[in-house]
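Read the structure below first, then the notes.
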Amino acid sequence: MKHLSPKETQAYLQQRPEALFLDIRMELEYLYVGHPPGVVHVAWYEYPEMQADEAGFVAQVRREAEDQLNRPVVLICRSGQRTVKAGEALEAAGFTEVVNVLHGFEGDLDANFQRGRLNGWRFDGLPWEQM
């Protein structure tokens, strides 16, 4: 798995237009916190279960990738943690090029336990939209 900063990811996506860009956060996060334009939403887990269904997730990603296991898959979540486990599941299923967006969409917690002040997709000023 590759680990790229948000700005490196944006450049990667511009160079690899065939890449499948996935937001794996819960639907509420995706809709109300915001997301990069054009990203496809496939949740790693949902509320209230809060448990990943790895087989279901992999099956949904395979459908989105049209069963092309060599298609690059770029994963973003809130802070870059869920994407590691999701990426490992995709690699175990045979995906050959998986990218984790470091720091995710909202970034790491600061000293006041707030996100969006240190790093992340939004912090870096990259394009995003909200419901």
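Numbers at a glance
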quantity: Heavy-atom surface of segment 1-121, accessible at 1.4 Å and reported per residue (Å²); calculated: 50 Å²
quantity: The chain - percent relative contact order, Cα under 8 Å, separation 6 or more; calculated: 31 percent
quantity: Within the accessible area of the chain (1.4 Å probe), percent carbon and sulfur; calculated: 49 percent
quantity: Size descriptor, Kirkwood hydrodynamic radius, that averages inverse alpha-carbon separations across the chain, Å; calculated: 14.6 Å
quantity: Dipole moment magnitude, nearest 20 debye, the chain about Cα centre, only Lys, Arg, Asp, Glu C-beta charged; calculated: 320 debye
quantity: Segment 47-61 versus segment 68-131: alpha-carbon centroid distance in Å; calculated: 17 Å
quantity: Calculated P(r) tail over 14 Å for segment 43-96, as whole % of Cα pairs; calculated: 51 percent
quantity: Length added when fully stretched, E66-R117, from 0.36 nm per residue minus Cα-Cα; calculated: 14.7 nm
quantity: Space enclosed by the convex hull of the alpha-carbon atoms of segment 11-53, per residue, Å³; calculated: 76 Å³
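The values are calculated or read from the model by the stated rules, or taken from the named source; none is laboratory data. Every value quoted in this text rests on a predicted model; they were computed, and no experiment measured them. Every residue, glycine as well, gets a Cβ built from its backbone with ideal geometry; the counts of neighbours run over all protein chains shown. Surface areas here come from the heavy atoms of the whole protein model, side chains and all, with no ligands, DNA or RNA. Shrake-Rupley method; radii C 1.70, N 1.55, O 1.52, S 1.80 Å.
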